[in-house]
Each structure stands twice: as C-alpha cells, then as structure tokens.
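Everything on this sheet refers to the single structure shown next.
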Amino acid sequence: MDQVTRGWLIYELTDSALQLGLVRGIQAIPFLLLSPVAGSVADRYSRKMQVVLTQIANGIVLAATAALIFTGQIRPWHVYVTAVAMAIVQVFLQPARAALISDSVPPNNLTNAIGLNAVVFNAARSTGPALAGVLIAQFGTGGAYSVQALFFFLATIWTTQLRPPEDSGGGLLGHSVHGESFGRSIVEGWKFSWKNEIVRTALLVVMFVSLFIGPFTTLLPVFARDILQVGATGQGLLLTAMGVGAMCSAVLIASAGDSLPRGMLMLVSVMLYGVFTVMFALSPWFWPSMVLMVIIGLCHVHSHALVQTVIQSYSPPEFRGRTMAIFHMSQVVLTVGAMLYGALSSLIGAQWTVASMGAVGALIMLGISLALPGARSIR
C-alpha cells in the first residue's frame with residue numbers, strides 16, 4: 001500500500017517521473033549507513049522487541065503523513081522526509097523479523113517456513129495495492145495512509161503475543177555476542193558473508209536483481225496513467241496481479257521445501273524475470289500487461305525467497321541477523337536502481353528504460369550461471 005500511495009502522492013504533487021525515482025532513491029541512505037548496525041543489534045538483543053518498537057514507529061510516521069495530507073500542508077519535501085523515516089525504521093525491522101523465522105523452526109523446515117512467510121506477505125501484496133488504489137480514488141492518499149497506520153498498530157498488538165519456544169536458544173531474546181564491540185561484530189558479519197561461497201553467490205544474485213530488474217515498479221504510475229491509461233486503480237490492479245503470481249510461487253516453495261533445486265531455480269527465475277519485464281514494457285494493452293505481471297510475480301518470489309532461504313540455511317544462528325542485514329541492503333541497490341530508472345526514463349522514456357534494464361539483468365544472470373557453475377548446484 002505504501003508503494004502505491006507514496007508513488008501516486010509524489011507524482012500528483014510534482015508530475016515528474018524523475019521524482020518517482022528520487023523518492024525511492026533517498027531511501028538508500030539509511031540502508032547504506034545503518035544496515036550493519038541493525039544486523040548487529042538483531043544478533044545481540046531481543047529480536048521481538050526490535051520488531052515491536054519499529055512497527056510502532058512505522059505507524060506513527062504513516063499517521064503523521066495522513067495528518068499532513070488532510071490538513072492540506074503536505075509538500076514534496078514532506079514526502080521525502082517521511083520516506084527517509086520509513087527507511088530508517090525498515091532497516092531495523094527487516095533483519096530482526098527475518099531472523100525470527102529461522103529461530104522458530106527446525107533447519108529442515110526452513111525453506112517451507114520462508115515459503116509460508118512469502119505466502120502471507122503476498123496475500124497482503126495481492127490485496128494491498130488494489131485496496132490502496134480504491135482508497136486513493138475514494139478518499140485520497142490521506143485515507144490510504146490512515147488505513148496503513150491502523151494496520152501497523154494492529155500488527156504491533158499481535159507481535160507482543162509472540163512467545164519463544166522452549167528450545168529456541170534465545171532467538172527471540174538475542175544471541176550472546178556482547179563480548180565483542182559493535183565495530184568488530186559488523187566486520188565479522190561482512191567477513192563471513194564474503195568467505196562463504198554460497199552466501200556470497202546468493203547475495204550477488206539479489207543485488208543484481210535489485211539494480212536492474214526490480215526497480216521497474218518505480219515507473220508503474222507512468223505506465224498506469226500515461227501508457228495504459230488506467231489511473232491509480234489500474235496501477236493497484238497491476239501490482240495486485242504481480243502479487244497473485246507471487247502468491248502462487250510462494251505456495252510452491254512452502255509446499256516443496258528443501259526438495260527444490262534452489263540454485264538452478266533462482267538463476268532461471270531471474271533470467272525469466274528480466275525477459276518478461278521486457279515484454280511488459282513493450283505491451284500497450286492493459287489486460288496482456290496484467291497477465292505479464294502475474295508471471296513477473298512468479299519469477300520475483302522464486303528468486304527473492306529462494307535467495308533468502310539459501311542465506312539463512314548456510315548462516316549459523318549467531319550470524320543470521322548480520323547476513324540478513326546485508327541481504328536487506330539490496331534495498332540500497334534497489335533505490336539506486338530506482339533513481340537510475342527515473343533518470344533514464346526522462347531521457348529515453350519509461351518503456352525503453354524498463355525494456356533495456358530488464359534485458360541487461362537477464363544477461364547478467366546468464367553470465368553468473370556460466371561463470372559460477374557451483375551456483376547451479378546449490379541445494
């Protein structure tokens with residue numbers, strides 16, 4: 001919902017495709033500066049408390065944004081400031097929440113658990129964008145932000161009810177790494193992620209996806225309003241279609257679990273992700289674009305969820321917060337990619353930007369599969 005609402009709000013205020021990229025790009029700063037710290041915090045202290053506090057902060061920022069809109073005080077710089085605030089909160093929320101998954105299940109169920117988490121996420125993703133589009137059409141962006149704030153406060157109430165399993169080994173409470181400094185803890189996390197070949201390969205895959213393919217959604221307001229001519233509601237439906245595809249993909253991962261050939265599947269999925277993004281860029285019709293968004297959603301989750309599974313599977317518990325923080329630093333690359341998309345679209349147009357970037361991403365994945373044959377055999 002935030003992706004749809006924030007993009008629509010800044011486009012409404014500025015009528016600028018470039019600023020669609022910039023409002024995402026500015027969010028790279030907190031991820032770049034604070035992700036290593038957030039990962040170390042998740043490995044040291046209560047992951048549950050970290051999630052609770054960040055969700056409360058999320059709700060406050062969203063409620064404040066809604067108040068600015070309803071009072072007519074909203075300005076483009078407000079959108080940028082709240083985007084940075086949301087990014088800071090997400091930096092600390094994501095590694096703690098991701099690490100809680102592997103803390104809660106046996107290792108042989110980790111792929112299933114991450115797949116199930118993706119099912120839940122994409123159930124929201126398949127309805128959230130459409131809901132945001134309807135709310136924007138009926139009540140404006142202020143109404144959409146009010147509902148988002150309410151959802152975060154409800155999520156906080158439910159999170160407080162989490163209880164650690166008897167054999168969790170401190171997953172909800174944090175791991176015992178207090179003996180080393182924060183600086184040393186951060187360095188050790190980076191060293192582990194680089195020296196472990198499987199973790200390193202998985203991180204490279206997600207970083208290239210985040211730079212060349214994933215940011216295409218930044219330009220969806222341009223496609224919805226100017227190319228497909230379906231407005232905010234149509235933009236929400238396009239993201240909902242992507243969410244439906246992602247849901248189907250997540251169900252497969254949750255069901256098949258560790259029987260999947262994870263390395264080969266994530267590489268092929270990313271290559272197809274790029275190919276179908278090119279096809280979406282060249283489509284001038286709404287309903288074929290909807291079908292393509294379903295397929296793109298299938299490919300996206302197969303690459304993203306499987307990468308996360310590989311990283312968590314090959315990271316010991318005391319490093320999971322830090323490796324997942326590095327994984328979530330793909331948000332930095334994603335926002336840099338969003339800025340690049342915005343800049344290129346102002347030069348060559350949205351359609352050629354999405355098509356060219358998707359093609360480059362697919363070719364890079366082909367190169368990785370050829371240059372690193374071990375990646376194809378990751379289980």
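Where a number appears in this text, it was derived from the coordinates with a stated rule and is not lab data. Keep in mind the model is a prediction, meaning the values are calculated, not measured. Reconstructed Cβ throughout: ideal geometry from the backbone, glycine too, with neighbour counts over all protein chains shown.
What nm value, rounded to one decimal, do you get for the distance between Val291 and Leu204 when each label is placed 7 Å out toward the C-beta?
Distance between label points: 3.6 nm.
Between Ala256 and Leu363, what is the label-to-label distance in nm when each label sits 7 Å out along the Cα-to-Cβ direction?
Roughly 2.9 nm, to one decimal.
What distance in nm separates the simple spin-label points at Val37 and Gln138, each placed 7 Å from Cα in the Cβ direction?
4.1
Pull out a ≥ b ≥ c, the square roots of the eigenvalues of the alpha-carbon gyration tensor of the range 182-240, then state rounded if a/c is under 1.5, prolate if not and a/b is larger than b/c, and oblate in the remaining case.
Judged from the Cα gyration tensor, the range 182-240 comes out prolate (a/c at least 1.5, a/b above b/c).
Give the calculated FRET efficiency between Phe153 and Glu197 to the nearest 0.05, with a Förster radius of 51 Å applied to their Cβ-Cβ distance.
Efficiency at R0 = 51 Å is approximately 0.75.
Report the FRET efficiency, 1/(1 + (r/R0)^6), for Ile348 and Gln161, where r is their Cβ-Cβ distance and R0 is 41 Å, rounded to 0.05.
The computed FRET efficiency comes out at 0.20.
Once the range 1-159 is represented by equal point scatterers at the alpha-carbon sites, with solvent omitted, what log10 I(q)/I(0) does the Debye formula produce at q = 0.09, 0.10, 0.11 Å⁻¹?
Here log10 of I(q) over I(0) equals -0.33, -0.40, -0.48.
Classify the range 225-379 from the C-alpha gyration tensor, please: rounded if a/c falls under 1.5, else prolate or oblate depending on whether a/b exceeds b/c.
Verdict is prolate for the range 225-379.
Listed highest first by mean packing, meaning other Cβ atoms within 10 Å per residue, what order do 98-106, 308-316 come in?
Averaged packing, sorted descending, gives the order 308-316, 98-106.
Where does the chain land at 222 nm, in deg cm²/dmol rounded to the nearest 500, when only DSSP H runs of n ≥ 4 count, each adding -39500 (n - 2.57), divided by all residues?
-27500 deg cm²/dmol
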